[in-house]
1. Within the stretch 61-82, does at least one residue satisfy the condition of being basic (Lys, Arg) and in contact with a helix residue (DSSP H, G or I) (Cβ under 7 Å, 6 or more places away or on another chain)?
2. In this structure, is residue 104 open to solvent by less than 20 Å² (accessible area, probe 1.4 Å) and either closer than 19 Å to residue 81 by Cα or touching a Cys at 6+ places or on another chain (Cβ under 7 Å) (or both)?
3. Go through 71, 119, 86 for me and flag whichever is within 19 Å of residue 137 (Cβ to Cβ) and among the acidic types (Asp, Glu).
4. Can you name the helices (runs of 4 or more DSSP H) wholly within the stretch 1-101 that have at least 3 residues being on the phi < 0 side of the Ramachandran plot and surrounded by 19 or more Cβ atoms within 10 Å (Cβ to Cβ)?
5. Of all residues in the stretch 10-19, how many are within 22 Å of the chain's Cα centre (by Cα) and polar (S, T, N, Q)?
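The values are calculated or read from the model by the stated rules, or taken from the named source; none is laboratory data. Treat the numbers as computed from the prediction; the structure is a model and nothing was measured. Positions of Cβ are backbone-derived with ideal geometry, glycine not excepted, and every protein chain shown enters the neighbour counts. Note: accessible area is taken over every heavy atom of the protein model, side chains too, but ligands, DNA and RNA are not part of it. Shrake-Rupley method; radii C 1.70, N 1.55, O 1.52, S 1.80 Å.
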Amino acid sequence: MPVLLSYLTPRTDLKTLEEVIRALSVSWAKPDAVAPMISMFRNVDDPKELGVRWTVGNALDVLWDDSHFDELAELAMDRSYGRAREMLVLGMRRSKDPRAADILVGLLDDPSVNGHAVEALQKLAVPQARKGLEGMLGDERAWVRRSARRALEKLDRRGADTA
């Protein structure tokens, strides 16, 4: 792992960098790879929203570690990263931190990542998400409507009150 981590620098060519990131996108790379991945997410020069930064976000989904919650939440909420945050937002479903639900509910109004917030909320099944999830039932994307419906059904099965 130290060799792979040594390649996580902005100087590494993008193709190699993406391969290294994928190689580190495994649970056994926790916790050592989390901080370097957060740094890479912030600092990589990636003009495409769905390029290497998205790949790092995907790795952070796999490597999610609540000991880095504040940093991960900050990245997830930073709209300047656009769709590169998709998998990072989805990773919040792994969090045990009670703030995750409120952050995800807040991201329902962010068209860049709201579908992934719905997916994460489906797993968390928190009552305070009900109103926002109901609003997503009219989304133009079928997968988002389906996820919102499933999330609401899960809340209903748990007998959750409207928040």
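1. no
2. Details: open to solvent by less than 20 Å² (accessible area, probe 1.4 Å): yes; either closer than 19 Å to residue 81 by Cα or touching a Cys at 6+ places or on another chain (Cβ under 7 Å) (or both): yes.
Taking the combined requirement at face value, the residue satisfies it.
3. Numbers: 71 fails: within 19 Å of residue 137 (Cβ to Cβ); 86 fails: within 19 Å of residue 137 (Cβ to Cβ).
119 is the lone residue from the list that is within 19 Å of residue 137 (Cβ to Cβ) and among the acidic types (Asp, Glu).
4. On the way: elements: 2-6, 14-23, 34-43, 52-63, 69-77, 86-91.
Of the helices (runs of 4 or more DSSP H) lying wholly inside the stretch 1-101, those with at least 3 residues that are on the phi < 0 side of the Ramachandran plot and surrounded by 19 or more Cβ atoms within 10 Å (Cβ to Cβ) span 14-23, 34-43, 52-63, 69-77, 86-91.
5. 0
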